[in-house]
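K.L.:
Sending over a structure as structure tokens; questions will come in a sec.
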Amino acid sequence: MAHSPSQSDGGKPATKTQKIVDQEVTVGNGGEYHQTAGENDPVLTTAQGGPVSDDQNSLRIGSRGPTAMEDFHFREKIFHFDHERIPERVVHARGYGAHGYFETTKSLANYTRADIFQREGEKTPVFVRFSTVAGNKGSGDLARDVRGFAVKFYTKEGNWDLVGNNIPVFFIQDAIKFPDLIHAAKQEPDSDFPQAQTAHDNFWDFISLTPESMHMVMWAMSDRGIPRSFRFMEGFGVHTFRMVTEDGKSTFVKFLWKPKLGLQSVVWNEALKINGADPDFHRRDLWGAIKSGMLPEWELHLQLFDEEFAEKFEFDVLDPTKLIPEEDVPTICVGRLVLDRMPDNFFAETEQVAFMTQNVPPGIDFTNDPLLQGRNFSYLDTQVKRLGSTNFSQLPINAPKCPMHHFQQDGHMAFKNVQGRANYEPNSWDEGPRESPQHGFTSYNAHEEGEKCRVRSETFADHYSQARQFFISQTSTEQNHIVDALVFELSKVEKLAIRKRVVSHLLNIDKGLAKKVAANLGLENMPDPAPAAQKTRDDLKPSDALSILKNGPGSFKGRKLGVLVTDGIDGKMFKTLKETTEAAGGVVEVVAPTISGVKTSDGETISANHKIDGGPSVLFDAITVMGTPENSRALAVEATACDFLSDAFAHLKFIGYNDGAVPLLEAAGLKDSIKKDDGFFAISDASSAKTFIKACGDLRLWDREDKVHVRKK
Ligand code: HDD
């Protein structure tokens, strides 16, 4: 019986780290379990610090009587629980973040006075949050969607937030359209579905009535919309910003993040299945990589250009639906971003982090991009709504790491306030901070004048040329995936008129694309091309930087091999395969008939990471199956074991196998493929294991796609 009050520590908050250990528990009269504090354990307290004697039973009058109102511990506990949720972000609700640092590798002193870019080798702490856009906080990671890529640099001159996406252009040109775009993309308001997907009438209705969105639609429908993980995707600041020097010289700049591990996406059928098998796939990937010391890294690249280039460039650099091809303005690498620490607490850090585009240090400035101007208005507002107080900037994750002195005071939850008498300036008390014309932020001295008007600049009117340029820059595999994605999404659209209207825009991008989409939708009559303000240019050259497959890794580094095993396999061969994978920078996870693993022919145990029905092959970049003939035959009865193999084949993965696993491959319908398909590798020794892992560096056997997927030409 353990109903006696716990030992008090004087009401001080517990400081000892909690560990999961085999604790002794005692069972109370009613059968409930009690874990009572020992001599050195922290004592459970109320939020007021009062030690708690019993956390299993509320105070009541008689063992079967009503609960007493004076039970302050019960009241406080339930009250706090009732208030745990804060509003989720109106967009980018689902996200995951990590801490790290940015290291400047090239001084930009000639371009900007921003302190962060002055000294090579300087490290600046950062917090990065990745996200999907449309889905709610609890939605799946593999939704087809744009990914947010938001970086908070805690610079010595205040926080700089570069709030970007994994796509370098945006759907709309003017922030006033943002609520419409988001309303249309999210769940429909009457049914509240579908969530976390744009495959519905409202989205495509809006898109087809908003031709400026066509360029970004091409990106979102490409494999960029289903990244393999955050670690394998690019990030873009999207807008044109300015860098400004001490003496007021301005240079335009675009910001690009390039992942050191190369680009990689999944295939669509795989994405659908990952969402079921592991909705936290991207979260788990980032967590696992950082916890195991495989620190994700990106290079920061800049495109720097002047007014003269901006004048002669064929599109307006203020138009956020356009990019500047790297062939026109090559990028320069100026730093590296390394993520090395997961938050201690998701809510305190990842949920409460408040990014704001208007957070820029001296030396970085805005341009008149109308989307950026609107964003600068929106982000501050949203943080107050979400975090509940103007003092959100005092939260540790949001507070600058440089000294801060101002006269802002009070408000809800203020825990840092002015000290001393002076809470205004100027004052004659000789107290408090003073403005600094030398060090403070000054806006670029742009000359602005014009009539008040609600118009879109004529220079923003070409909506199709860069959409076409993106399409023709893709490999034929990638072009096919764009066709498939459009056909998938439009097949979920119920109104024929909307489907046709989308195709009418595709006609302005590429006739072949429009024809394939129409054929695979079964459209009987091709619509006329949508009326266009400007004719599509066909003189823009393909840009290799726009393709994922042309920027793949060429190695298996950072990737995962799933090995399906049965009892009785050769333990040495398994070890060799594991070591070969790890030597290439990859990771092996074992999938077995039971979670306790399998016994090798030598009687050793190989422990499992997944039981077969919880570890489908969609969770891995490549797979191997190792078995004995007898145990493979026995496992062939298990449908999920056959799915493991047939899915890996359908998802174009490389498949390693030993002789003993052949009965299982045959049961999965892959008998002929073992001999004919270039993606199968018999593994029998160190050399064949090496050959297999080397081939896995190509990630997929794209040539197989035509054999597993029907698409009308
Ligand atoms: Fe935004 C969040 C990126 C246009 C209004 N946005 C948000 C986040 C990212 C972006 C990555 C999540 C930040 C985080 O992880 O907390 N947004 C973009 C990009 C845009 C863009 C790259 C176009 C280039 N956004 C945009 C417009 C508006 C907003 C035009 C409104 C006028 N965005 C918001 C917001 C959010 C937000 C409502 C929701 C949660 C938040 O800010 O903190 O203010």
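K.L.:
With respect to ASP41, determine if the residue is part of a loop (DSSP other than H, G, I, E, B), outside the structural domain of PHE130 (by TED's automatic domain parsing) and at pLDDT 90 or above.
P.N.:
Answer is yes for this residue.
K.L.:
Related question: For region 377-407, which residues satisfy the criterion of being basic (Lys, Arg) and either closer than 19 Å to HIS99 by Cβ or away from the ligand (no atom under 11 Å from the Cβ) (or both)?
P.N.:
Residue satisfying the conditions is LYS401 alone.
K.L.:
Oh, and also: Please list, ordered by first then second residue, the pairs with beta carbon atoms under 7 Å, 6 or more apart or interchain, first in region 631-644 and farther than 15 Å from VAL598 by Cα, second charged (D, E, K, R) and part of a helix (DSSP H, G or I).
P.N.:
THR640/ASP613
K.L.:
Looking at this structure, is ARG341 near the ligand (Cβ under 8 Å from one of its atoms) and either within 21 Å of VAL126 (Cα to Cα) or not polar (S, T, N, Q) (or both)?
P.N.:
For ARG341, the condition - near the ligand (Cβ under 8 Å from one of its atoms) and either within 21 Å of VAL126 (Cα to Cα) or not polar (S, T, N, Q) (or both) - is not met.
K.L.:
Where the second residue is near the ligand (Cβ under 9 Å from one of its atoms) and among the acidic types (Asp, Glu) and the first is more than 16 Å from ASN165 (Cβ to Cβ) and modelled with pLDDT of 95 or more and lies in region 366-381, which pairs have Cβ atoms under 8 Å and are six or more apart or on separate chains?
P.N.:
Sorted first by the residue in region 366-381, then by its partner, the pairs are PRO370/ASP174.
K.L.:
Something else now. Looking at SER208, SER213, can you tell me which residue is more than 13 Å from the ligand (Cβ to nearest atom) and either within 30 Å of HIS439 (Cβ to Cβ) or of a type in the set (Gly, Ala, Ser) (or both)?
P.N.:
So the residue among SER208, SER213 that is more than 13 Å from the ligand (Cβ to nearest atom) and either within 30 Å of HIS439 (Cβ to Cβ) or of a type in the set (Gly, Ala, Ser) (or both) is SER208.
K.L.:
Residues GLY554, GLY562: which one is in contact with a Gly (Cβ under 8 Å, 6 or more places away or on another chain) and in a strand (DSSP E or B)?
P.N.:
One residue alone meets the criteria, GLY562.
Yes/no per residue for (1) in the same structural domain as VAL27 (by TED's automatic domain parsing); (2) surrounded by 14 or more Cβ atoms within 10 Å (Cβ to Cβ):
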| residue | (1), (2) |
| --- | --- |
| ASP54 | yes, yes |
| MET69 | yes, no |
| HIS73 | yes, yes |
| HIS99 | no, yes |
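K.L.:
For region 189-203, does any single residue satisfy the condition of being of a type in the set (D, E, K, R) and closer than 23 Å to LEU323 by Cβ?
P.N.:
no
K.L.:
On to the next question. Being of a type in the set (Val, Ile, Thr) and under 26 Å from PHE117 (Cα atoms) is true for just one of VAL384, VAL353. Which residue is that?
P.N.:
VAL353
K.L.:
With respect to ASP410, is the statement that it is surrounded by fewer than 19 Cβ atoms within 10 Å (Cβ to Cβ) and under 22 Å from the mean Cα position of the chain (by Cα) true?
P.N.:
Spelling it out, it is not the case that ASP410 is surrounded by fewer than 19 Cβ atoms within 10 Å (Cβ to Cβ) and under 22 Å from the mean Cα position of the chain (by Cα).
K.L.:
Considering only residues of region 111-126 that are touching a residue at least 60 places away in the same chain (Cβ under 8 Å) and part of a loop (DSSP other than H, G, I, E, B), which is nearest to TYR154 (Cα to Cα)?
P.N.:
The selected residue is ALA114.
K.L.:
Filter region 135-173 for residues that are part of a loop (DSSP other than H, G, I, E, B) and either within 12 Å of the ligand (Cβ to nearest atom) or β-branched (Val, Ile, Thr) (or both) and give the result.
P.N.:
LYS137, ASP145, VAL146, ASN166, ILE167, PRO168, VAL169, PHE170, PHE171, ILE172, GLN173 - these are the residues of region 135-173 that are part of a loop (DSSP other than H, G, I, E, B) and either within 12 Å of the ligand (Cβ to nearest atom) or β-branched (Val, Ile, Thr) (or both).
K.L.:
Right, another one. (1) at pLDDT 95 or above; (2) surrounded by fewer than 20 Cβ atoms within 10 Å (Cβ to Cβ); (3) farther than 30 Å from VAL151 by Cβ: which one isn't true of LEU395, the others all being true?
P.N.:
Failing condition for LEU395: (3).
K.L.:
I want to confirm something. Restricting to region 174-203 and keeping residues that are of a type in the set (Gly, Ala, Ser) and over 17 Å from the mean Cα position of the chain (by Cα), which single residue is nearest to the ligand (Cβ to nearest atom)?
P.N.:
ALA175
K.L.:
How many residues does region 318-338 hold that are surrounded by fewer than 21 Cβ atoms within 10 Å (Cβ to Cβ), farther than 21 Å from SER543 by Cα and either within 13 Å of the ligand (Cβ to nearest atom) or not β-branched (Val, Ile, Thr) (or both)?
P.N.:
Of the residues in that region, 1 qualify.
K.L.:
Just to check your reading of the model, which residue among ASP205, ASP190 is farther than 30 Å from LEU304 by Cβ and touching a Lys or Arg at 6+ places or on another chain (Cβ under 8 Å)?
P.N.:
Matching residue, one of ASP205, ASP190: ASP205.
K.L.:
Take LYS653 and tell me if it is part of a loop (DSSP other than H, G, I, E, B) and assigned by TED's automatic domain parsing to the domain that holds LYS575.
P.N.:
yes
For every residue, the table says whether it meets (1) polar (S, T, N, Q); (2) touching a residue at least 12 places away in the same chain (Cβ under 8 Å); (3) touching a Ser or Thr at 6+ places or on another chain (Cβ under 8 Å).
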{"residue": "ILE498", "(1), (2), (3)": "no, yes, yes"}
{"residue": "ASN508", "(1), (2), (3)": "yes, yes, yes"}
{"residue": "LYS511", "(1), (2), (3)": "no, no, no"}
{"residue": "ALA519", "(1), (2), (3)": "no, yes, no"}
{"residue": "PRO527", "(1), (2), (3)": "no, yes, yes"}
{"residue": "ALA530", "(1), (2), (3)": "no, yes, yes"}
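K.L.:
Ok, one more. Looking at (1) touching a helix residue (DSSP H, G or I) at 6+ places or on another chain (Cβ under 6 Å); (2) in the same structural domain as THR112 (by TED's automatic domain parsing), which is the one condition that is false for LEU380?
P.N.:
(1)
K.L.:
Scan region 83-110 residue by residue and report those that are within 16 Å of the ligand (Cβ to nearest atom) and either part of a loop (DSSP other than H, G, I, E, B) or modelled with pLDDT under 95 (or both).
P.N.:
Within region 83-110, ARG85, ILE86, PRO87, GLU88, ARG89, VAL90, VAL91, HIS92, ALA93, ARG94 qualify.
K.L.:
Restricting the first residue to region 159-178 and requiring it to be without any contact (Cβ under 8 Å) to a residue 60 or more places away in the chain, which pairs with a second residue that is more than 8 Å from the ligand (Cβ to nearest atom) meet a Cβ separation below 8 Å and a spacing of at least six or different chains?
P.N.:
Within 8 Å, the pairs are LYS177/THR210.
K.L.:
Which residue out of GLY374, GLY411 is in a loop (DSSP other than H, G, I, E, B) and either touching a helix residue (DSSP H, G or I) at 6+ places or on another chain (Cβ under 6 Å) or within 9 Å of the ligand (Cβ to nearest atom) (or both)?
P.N.:
Criteria check complete, one pass: GLY411.
K.L.:
In region 591-627, which residue that is part of a loop (DSSP other than H, G, I, E, B) and in contact with a Gly (Cβ under 6 Å, 6 or more places away or on another chain) is surrounded by the most Cβ atoms within 10 Å (Cβ to Cβ)?
P.N.:
GLY627
K.L.:
Is there any pair linking a residue in region 236-252 that is within 12 Å of the ligand (Cβ to nearest atom) to one that is hydroxyl-bearing (Ser, Thr, Tyr) and modelled with pLDDT of 95 or more, with Cβ under 8 Å and at least six apart or on different chains, and which?
P.N.:
HIS239/THR367; THR240/THR367; PHE241/THR367
K.L.:
Can you name the helices (runs of 4 or more DSSP H) wholly within region 664-713 that have at least 3 residues being over 32 Å from the mean Cα position of the chain (by Cα) and of a type outside the set (Asp, Glu)?
P.N.:
671-676, 686-696
The values are calculated or read from the model by the stated rules, or taken from the named source; none is laboratory data. All values reported here derive from a predicted model rather than from experimental measurement. Glycine also receives a Cβ, built like all others from the backbone with ideal geometry; neighbour counts cover every protein chain displayed.
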